[in-house]
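Scroll down for the structure; my scribbles are underneath it.
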Amino acid sequence: MLNVAVVRFPGSNCDFDTLRAAERVGANAYFVWHRDASLQGADVVLLPGGFSYGDYLRSGAIARFSPIMQAVQRHAADGGPVLGICNGFQILCEAHLLPGALMRNAGLTFVSKPVDVMVERSDTVFTSAYAGGTRLRLPVAHGDGRFVAADDTLRMLEAEGRVVLRYVAATEASPLQPNPNGSANHIAGICNAAGSVVGIMPHPERIADALLGPPDGLGFFTSLAAWRPRASTLNVTSR
Amino acid sequence: MSFRVHVRVMPRGGLLDPQGQAVEHALAALGFGEAGGVRVGRAIELEVAAASRPEAEARVRQMCDKLLANPVTEDYLLEVEDA
């Protein structure tokens, strides 16, 4: 059975939703605390949303230095999959596991609403259940969601196809704005070069149960449930 | 020796600074139309024990590079004085 660690920081939220979504697809999901030094043999690591350490200094800046993040760094360096959702995405950028940064929304307001995104990468550990080009309606809830990167970094992300999710208009007549926060190139999520580390601003775990509406977010979890560690990424010490 | 260090962290020039824009608009609404180019950053003060002023400055630069500023989006300035 796939071991899935959900990392909790002081100020995490949606951590139970994330755990339940991973359980729903059959994973052995469990919490690890920010002070823990071990991921307890996790195959996959999920960094949930929230306001870790009160978002002091910058979103994700303090969480990056917690003991558990040293273990997450090693896991990622070994090719282990990591998904950062919202604050988890901010933490991955601060930890330099993903390029760029997430700054205050261009409109200055906290944005909490459903947005439409397109899945542009369907070959990552977390998006393999979707067909490329699939449109999803997922909730966002963030104050610091404006993705920013140096021009050459943006060009590299586009050239290497590392934009995983992009904000799109549902239809021409859609009341939803295509870019809720002013992100560069309408970027809602990116991945590392290997496609093993993914950061996204929308919250798929909040819409992973049909009880709450069309479960557009469930695919992130069915994707990870279908993933199996390759022999080359097996690491005796981490299992 | 102990030094007091003032760190000024500013959003990098060229990046959209919505807080600065909002403050500029508010100033204009208050009749201060002559104000322009407003940018909002962060000031951090700390005391550092070090053998010399250059050592204190070098250590605080490391602190800035690792934590106090985000090298992707922010620039910083240091001012070191005797504590």
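Please treat every number below as a calculation from the coordinates, not as lab data. Quantities reported herein were computed from a predicted structural model and do not represent experimental measurements. A quick note on method: Cβ atoms are made from the backbone with ideal geometry, for glycine too, and the neighbour counts reach across all protein chains shown.
Where Lys and Arg each count +1 and Asp and Glu each count -1, what net charge lies around B:Val7 among other residues with Cβ under 10 Å from its Cβ? Show your work: numbers first, answer last.
Values: positive: B:Arg8, B:Arg42, B:Arg61; negative: B:Glu45, B:Glu79.
Around B:Val7, the surrounding residues sum to +1.
Taking 0.36 nm per residue of separation and subtracting the Cα-Cα distance, what length does fully extending B:Asp65 through B:His25 add?
11.2 nm
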Query raised in the report: Relative contact order for chain B using alpha-carbon pairs under 8 Å, separation at least 6, rounded to a whole percent?
Result: 52
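If a/c stays under 1.5 just call it rounded; otherwise compare a/b with b/c (prolate if a/b is bigger, oblate if not). Do that for the range A:94-236, with a ≥ b ≥ c from the square roots of the Cα gyration tensor eigenvalues. All intermediate terms of the calculation are to be shown ahead of the outcome.
Values: a/c = 1.77, a/b = 1.18, b/c = 1.50.
In terms of gyration-tensor shape, oblate.
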Report task. Quote the charge dipole size of the range A:30-106 about the Cα centre in Debye, to the nearest 20; the model charges only the Cβ of Lys and Arg (+1) and of Asp and Glu (-1). Result -> 200
Requested in this report: Would you mind checking the tilt of helix B:18-29 against the longest principal axis of the Cα atoms of chain B, expressed as 0 to 90 degrees and rounded to 10?
Outcome: 50
Query raised in the report: For chain A, what relative contact order do you get, as a whole percent, if you take Cα pairs closer than 8 Å and at least 6 residues apart?
Result: 21
Query raised in the report: When B:Asp65, A:Asp209 are ordered from fewest to most other Cβ atoms inside 10 Å of their Cβ, what list results?
Result: B:Asp65, A:Asp209
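Provide the net charge surrounding B:Asp75, with neighbours chosen by a C-beta distance below 13 Å and charges set as Lys +1, Arg +1, Asp -1, Glu -1.
Details: positive: B:Arg8, B:Arg12, B:Arg39, B:Arg42, B:Arg61; negative: B:Asp17, B:Asp65, B:Glu74.
Here the count lands on +2.
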Report task. Using a Förster distance of 25 angstrom, determine the FRET efficiency expected from the C-beta separation of B:Ala51 and B:Leu77, and round it to 0.05. Result -> 0.60
Report summary line: Candidate cut points under trypsin sites (Lys or Arg not before Pro) in the range B:6-83, DSSP loop plus at most 15 other Cβ atoms within 10 Å of their own Cβ, are B:Arg39
Requested in this report: Please say if the protein assembly as shown is rounded, prolate or oblate, where rounded means a/c under 1.5 for a ≥ b ≥ c the square roots of the C-alpha gyration tensor eigenvalues, and otherwise the choice is prolate for a/b larger than b/c and oblate otherwise?
Outcome: oblate
Query raised in the report: Using 0.36 nm per residue, how much length does the chain from A:Phe110 to A:Leu212 gain when fully extended, once their Cα-Cα distance is taken away?
Result: 34.5 nm
**Report entry** Unit charges at the beta carbon, dipole of the protein assembly as shown: most positive-side option, A:Val148, A:Val4, A:Ser66
**Finding:** A:Val4
Query - For A:Val163, residues with placed amide H under 5 Å, excluding near neighbours - result: none
Report task. Quick one: dipole size for the range B:2-82, taken about the Cα centre, charges +1 on Lys/Arg Cβ and -1 on Asp/Glu Cβ, in debye to the nearest 20. Result -> 200
